[in-house]
Structures are given as structure tokens and as C-alpha cells.
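Shown next, in C-alpha cells, is the structure this report addresses.
What follows is calculated from the coordinates using simple rules that are stated; it is not laboratory data. All values reported here derive from a predicted model rather than from experimental measurement. Reconstructed Cβ throughout: ideal geometry from the backbone, glycine too, with neighbour counts over all protein chains shown.
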Amino acid sequence: MEKFLLLSLLFSMAIITCSATTYTVGDSSGWDISSDLETWVANKNFKIGDALLFQYSSTYSVDEVTKGNFETCNTTKVLANYGNGNTTVPLTRGGDRYFVCGNKLFCLGGMKLHVHVDDDDGRSISPALAPKAVAGTDERTSSLPESPSAPFSNGVANGADIVYIAIAAIFYGMLQI
């Protein structure tokens, strides 16, 4: 019985540490010219594994851009372009990410978002398994590399690997009781 309780505790801790948050950009206002995105992002703490959910009308689009293009609202060379009105962008690496509306006038009016993604140890790294596209996304172009499909493929365990190991340990422990 003690083994079962210990393994249950370990499993619970693995789930708690592996939780991710999906942030709806602009909250109820969404990705819109009327949203105060600077205030919205001010109290957020983004982590690797979180996601940004952009909800917007057909008037708008979302472009991921470089810092320089963010500052000038240049949408001619974008890293990724989304336009279906319901876009989920997984935050798969630490560092700064920049998003603007594809219409330069809306961008100049403040429809742009800069997020800083923290990781656990302060370095910018990529997880072993980056999330796949989520239903509802409309990514037209992307420069992000494909994720490896095997656990520990780059020698690093991510949250999903830890949960898998915890579940396996619990079942193994239950069989040994």
C-alpha cells in the first residue's frame, strides 16, 4: 500500500509540473484593434508548452515577424502567417516572439503583440517534442522545423515523457504489490 501511495504522489507531481496554459489573446475582446494588447500581456508569464489562441474576424490576420519587422509593422517578410480567425500558436521555445496584424494600418494602430517565453532554467531551448498543429489553426507558411516523433530522440525528456514514465511506474508498482 505504501508503494502505491508513493507512486500516486509522484504521478500527481508529474502532472502538476507538466501543465500548460492556453492564453486567449486580448481575452474576451480577442485579436482586435480595440484590444489593449500591451495591458493584456503585462501580467502574463509565458512558459514553453503554453499556447496563444488568437480569435479574430475575417478583417484581420496574424503574422509572426522578427523584432525589426515588429517595430516597423513590416509584413512583407513574415515567419508565419495565419488567417482563419481561430489560430493556436504553440510556444515551443524560450525567448521573444513577435506578432502583428497583417494589415499595416491596424498594426500601426497598436494591433501587435510581443511575448517573452521563459523556460525553467533561463536559457532559450527547444523541447524534445514540439506540439503539432492544433485543430482550428491555419498556418500558411512556417519556418519552424518538424518535431522528432520518438521520445527522448534528442536526449532530453519533456513533460509528456515524464508523464509516460510516471504512469508506467505506477502500473509496474501495482503489479509488484
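In whole Hz and in residue order, list the ³J(HN,Hα) couplings for segment 90-97 that follow from phi through the Karplus curve 6.51 cos²θ - 1.76 cosθ + 1.60, θ = phi - 60°; x for Gly and Pro.
x, 8, 9, 8, x, x, 8, 10
Multiply the residue gap between Asn84 and Ser57 by 0.36 nm, knock off their C-alpha separation, and tell me the result in nm, one decimal place.
Fully extending the segment from Asn84 to Ser57 adds 8.9 nm.
Taking a 20 Å limit on the Cα-Cα distance, which of the listed pairs Lys44/Lys104; Lys47/Lys77; Lys77/Lys112; Lys44/Lys112 fall beyond it?
Check vs 20 Å cut-off fails for Lys44/Lys104; Lys47/Lys77.
What net charge do the residues around Ser34 carry, taking every other residue with its C-beta under 15 Å from that of Ser34, with Lys and Arg at +1 and Asp and Glu at -1?
Around Ser34, the charge tally is -3.
For the residue pair Arg93 and Thr72, what label-to-label distance in nm results when each label sits 7 Å from Cα along the Cα-to-beta-carbon direction?
2.3
Round to a whole angstrom and tell me the spacing of the C-alpha centers of segment 84-123 and segment 35-80.
Taking the Cα centre of each part, segment 84-123 and segment 35-80 sit 3 Å apart.
Check Ile48: other-chain or 5+ apart residues with amide H under 5 Å from its amide H, H built from backbone geometry?
The list, which skips near neighbours in sequence, is Asp118.
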